1. Count the net charge of all other residues whose Cβ sits under 10 Å from the Cβ of Val327, scoring Lys and Arg as +1 and Asp and Glu as -1.
2. Tell me, what is the FRET efficiency for Leu147 and Ser369 to the nearest 0.05, using R0 = 35 angstrom and their Cβ-Cβ distance as r?
3. Helix-only estimate, please: 222 nm mean residue ellipticity of the chain, summing -39500 (n - 2.57) across DSSP H runs of length 4 or more and dividing by its residues, to the nearest 500.
4. In the chain, what is the count of Lys pairs whose alpha carbons are under 21 Å apart, counting only pairs at least 8 residues apart or on separate chains?
5. What distance in nm lies between label points placed 7 Å from Cα along the C-beta direction at Tyr266 and Ser59?
6. What is the dipole size for the chain, taken about its Cα centre, with +1 at each Lys and Arg Cβ and -1 at each Asp and Glu Cβ, in debye to the nearest 20?
7. Classify the stretch 259-405 as rounded, prolate or oblate from the Cα gyration tensor: take a ≥ b ≥ c as the square roots of its eigenvalues, call it rounded if a/c is under 1.5, otherwise prolate when a/b beats b/c and oblate if not.
8. Rounded to the nearest 0.05, what FRET efficiency do Phe131 and Glu276 give with R0 = 45 Å and r taken as the Cβ-Cβ distance? Could you check?
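Laboratory data are not the source of any read-out in this text; all were calculated from the coordinates shown. Computed from a predicted structure; not experimentally measured. Note that we place each Cβ from the backbone using ideal geometry, even for glycine, and neighbour counts take in every protein chain shown.
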Amino acid sequence: MGNTDIAVTGIGMLSPAGIGLEENWYRLCQGTSLADHDPLLAGLRTDFSCAVRGLNAASVLGHKMARRLDAFAQFAVVAARQAVADAGLDPTQWQSERVGVVLGVGSNSLHSYEKPFSLLGQGKADSMSPFNIPRSLPNMAAGEIALDLGARGVCFTTSSACASGATALGTAMDLLRSGRCDIVLAGGSESGRSRMTAASFGRMGALSSRTADPEAASRPFDTERDGFVLGEGAAVLVLERAREAHRRRARLHGYLAGYGATADGYHPTAPSPSGEPAEAAIRAALLDAGCGAESVDHINAHGTSTVLNDETEASVLRRVFPAGPPVTANKSVLGHALGASGAIEAAATLLSLEYGKIPPTANLQCQGSGLELDIVTKTPRKRRMRTAVSTSFGFGGHNAVLVLRSSRSD
C-alpha cells in the first residue's frame, strides 16, 4: 500500500450479468456473451443489446421514486445502496457534509425523450410530464444518490463519454487525497438502450450488425469484430483514505492506487492512430501509483470490439507492457455500458485481484497481426496478482486509466 492509495471498502454493481457482486462475478467467469434481441430496438439495423434483467425498480425503490427516476438514475441509486451496505456504513451516522458523490454519466437515457418529443410534435405540449427535465439530466444520478443516502458533501457528474466512470473514480481519489471529503461514493451509471442511441451509433458504423447471432457479436481483439454491443448498468465504489479505513477495521476490496488522464486532440470519434495520448495516460497512472509497467500483473482492457479502438489499444498495450501481462475485456460479456463501463470494469478488476482469477474474454477466435496480446479466453485464469490496470477511452479523445492494487497482503 502506498501513502496515497485510496481504499475501496464497498462495491455495488448491476449489469446484464445480474444484480449484485455475486451474480456479476459468476457470469463474468462463465465468459459467455449476454447479448440478445431487444424488443426496444425491434426493426433497427442492430436490434440487440445487453440488458439489465431482474431489477424490479418499484419493489426496490418504491413506486413513487421508481416513476420519478430514469433508468440510469435507478441503477445508480441501487448500486450506491449496495456499496454502502457492503462497506458496513450507516448513512444515519456518518458526517454527511464530508461524504461526496461523483458519478460518471456519458449521456442519459434517450429512450425517455421519445414520448415527450412525440407529444410535442402532435401539439400536445400540455400533456408532457413535468418530470421530463429532472428525470433526464445527467447530473441526477449523483443528485439522487445524495438525496437517497444523505450525502451532503461535494456532489457532481463527470462526463467524458465512455471514460466517464473511470474519470469519476480518478476525480474521487483527488477529493480524498486533498482532504475535501472523508468518504466518496464514486462510479458510473448509464442505460444506452434507446432507439435513438442505437440508430445513431448504427449510422456511424460503430455497432455490430451481427443480428443473426447476437451472442457472437461482441468480440474484442478478434479479426472478425465489426462493432460494439450496447449495454447498460452501474457500479458504485465506496472510497476512503486507507488509514481511515484501517482505523475502522473496514473490509477492503483493494485500493485505487493511480489515475492518469489525457486528451487525444485528434478527432471527435476516432482514436489517435499513434496511440501516444492513450499511452501517456497509462504511464501517468503508473507514475501516480509509484510502480513500473513490469509490476502490472493484469490488464482489463477497454476492448470495445470496434476495428479502430482495438487495433490502437493493442498497439499501446504492447508498447507499455512488453512483458505481456494477461488481458481480459469485459465488454465481450456485458456489452458496452458507455459512461458506466469504466466503473463496472474497475469493479471487475478489483474482484479479479481479490479472488486471484481473471475472467475470460468471450468470442475471441483469431487474433490477427497487430492484435497480439495474452488474452484470457474460454475459462478463467487463476493467478496471484498484486497490481492491475483498467483502461477507458471515449469519444472526444478522452483517455482515463486506473491502477488498482490488491489488499490481500496487508
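1. It works out to a net charge of -2.
2. Values: r = 52 Å, r/R0 = 1.49.
For R0 = 35 Å, the calculated efficiency reads 0.10.
3. Values: 14 runs with 141 residues, N = 410.
Helices in the chain give a 222 nm mean residue ellipticity of -10000 deg cm²/dmol.
4. Details: Lys64/Lys115; Lys115/Lys124; Lys331/Lys357; Lys331/Lys378; Lys331/Lys382; Lys357/Lys378; Lys357/Lys382.
So the count of such lysine pairs works out to 7.
5. Rounded to a tenth, the inter-label distance reads 4.7 nm.
6. Value, rounded to 20: 760 debye.
7. Working: a/c = 1.44, a/b = 1.18, b/c = 1.21.
It comes out rounded by the Cα gyration axes.
8. Details: r = 45 Å, r/R0 = 1.00.
It comes to 0.50.
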